[in-house]
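Just so you know, all these numbers are worked out from the coordinates, no wet-lab data involved. Small disclaimer: the values here were computed from a predicted structure and weren't measured. In this analysis, Cβ positions are derived from the backbone assuming ideal geometry, glycine residues included, and neighbour counts consider all displayed protein chains.
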């Protein structure tokens with residue numbers, strides 16, 4: 001079993017390139033299954049979820065080349081006529097469910113099981129199934145297996161989501177781009193990752209309008225293919241960017257974050273400013289400088305985009321554990337999103353969490369401890385806290401962190417952190 005070892009107290013300084021977005025590359029890889037011929041992608045992060053998606057594509061008959069670099073080539077010309085995804089592959093990550101919409105859109109059928117991923121409380125797929133049924137899919141759900149087929153093909157329709165679910169929006173988009181007629185999604189998710197998926201599909205010939213707004217309109221086409229010689233670039237990871245900015249708040253120092261997209265972080269950047277950090281955005285760069293204890297931030301409420309992102313809640317909390325004052329967090333997206341609080345308290349933090357609310361009262365300093373990463377973002381929060389803590393911290397269950405961060409220890413050590421993997 002691997003672990004991260006961090007000796008805190010080292011200020012950070014330097015420049016760091018933002019990795020490609022985890023939550024964008026996975027739906028784009030699923031979308032590649034809709035395309036005839038080869039698809040070329042760049043800025044793909046080297047994270048374990050990427051390799052999980054590649055294993056699913058390979059199991060479905062695709063050929064994927066590119067190794068550990070940021071470029072990938074996906075050839076789905078040999079996609080299986082009856083796509084079936086192994087239970088073990090489905091359970092490695094939550095986003096595996098979007099292969100349902102892609103397989104239905106390409107082959108009109110698929111068999112899979114319920115997805116896995118981090119334990120963040122109930123995350124039902126009822127909206128996914130209901131929408132696909134409305135488009136003409138027949139879905140049998142028995143004994144944990146989901147069998148889907150569209151005997152007469154998928155047809156466009158009007159779908160109104162009760163909640164702007166990212167996964168449901170992506171699944172509907174993937175199924176609708178090759179369905180007959182027009183599909184209208186009301187109350188869709190508006191995250192930048194939805195826009196990235198729409199941009200990729202449009203680059204392959206899909207007819208999509210309205211992404212980023214309250215209504216997405218999709219006119220189905222017969223087939224998709226990427227123009228020869230074109231390479232589609234994955235957007236920067238806004239949550240990874242928030243994590244490294246939080247690391248600077250925790251450890252102190254300065255950082256130039258390059259190749260990011262500040263406009264995707266408009267709900268997060270003001271929080272760093274409220275903490276007292278000096279932060280400037282220009283073009284595709286963010287500069288941050290922080291010294292001393294940060295200020296508290298009153299109340300932070302997680303919301304759907306463009307509100308404060310739930311994925312950034314844990315790392316922001318770690319930055320506020322040593323603040324002057326008290327901050328209240330209200331988690332409105334997931335039920336079990338404070339599992340990192342226990343590890344932070346073990347390091348000396350003062351956090352009281354119950355239900356949707358967590359109250360963080362700043363303490364003068366944290367101390368190193370032995371911890372386990374409870375999930376992806378919670379693990380990153382512990383890493384950030386450990387950078388500013390006194391003494392040594394050892395973090396187990398690094399496989400959670402590796403799901404979303406590209407060699408986090410190499411990135412931080414390049415900035416002067418004393419961190420290594422055992």
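Among DSSP beta bridges whose residues both lie in the range 22-233, state the antiparallel percentage, nearest 5.
Antiparallel bridges: around 75 percent, rounded to the nearest 5.
Compute the whole-percent fraction of alpha carbon pairs in the chain spaced more than 30 Å apart.
Cα-Cα pairs of the chain separated by over 30 Å account for 41 percent.
When the Debye formula is applied to the Cα atoms of the range 193-278, each taken as the same point scatterer, what base-10 log of I(q)/I(0) results at q = 0.12, 0.14, 0.16 Å⁻¹?
Treating every Cα as an identical point scatterer, log10 I(q)/I(0) equals -0.54, -0.66, -0.76.
Tell me the angle of helix 22-32 to the major Cα principal axis of the chain, expressed in degrees between 0 and 90 and rounded to the nearest ten.
With both axes taken from Cα atoms, the answer is about 10 degrees.
Take residue 421 and residue 284, extend 7 Å from each Cα along the Cα→Cβ direction, and tell me the distance between the two endpoints in nm.
So the two model labels end up 2.6 nm from each other.
Take every DSSP beta bridge whose two residues both sit in the chain, then give the antiparallel share in percent to the nearest 5.
DSSP beta bridges in the chain are roughly 70 percent antiparallel.
Please give the peptides 79-87, 12-20 ranked by average Cβ packing (other Cβ atoms within 10 Å per residue), highest first, as a rough proxy for protection.
Descending mean neighbour count gives 12-20, 79-87.
Direction-averaged shadow area of the convex hull around the Cα atoms of the range 160-231, nm²?
4.4
Taking the radius of gyration and the Kirkwood hydrodynamic radius from Cα positions alone, what is the Rg/Rh ratio for the range 284-422, to two decimal places?
Result: Rg/Rh = 0.94.
Against the longest alpha carbon principal axis of the chain, how many degrees, from 0 to 90 and to the nearest 10, is the axis of helix 376-388 turned?
In the chain, helix 376-388 runs at an angle near 20 degrees to the longest axis.
Relative to 2.2 N^0.38 Å, what does the C-alpha radius of gyration of the range 22-233 come to as a ratio? Two decimals please.
Scaled against compact globular proteins, the figure is 0.91.
Given a Förster radius of 35 Å and the C-beta distance between residue 414 and residue 77 as r, what FRET efficiency does 1/(1 + (r/R0)^6) yield to the nearest 0.05?
Computed FRET efficiency for residue 414 and residue 77: 0.30.
If I model a spin label at residue 142 and residue 91 as a point 7 Å from the Cα along the Cα→Cβ vector, what separation in nanometres do I get?
Those two pseudo-labels are separated by 2.2 nm.
Take every Cα pair under 8 Å in the chain that's 6+ residues apart, average their separations, divide by the length, and report that relative contact order as a whole percent.
That works out to 21 percent.
So what's the angle, to the nearest 10 degrees on a 0 to 90 scale, between helix 48-59 and the longest Cα principal axis of the chain?
20
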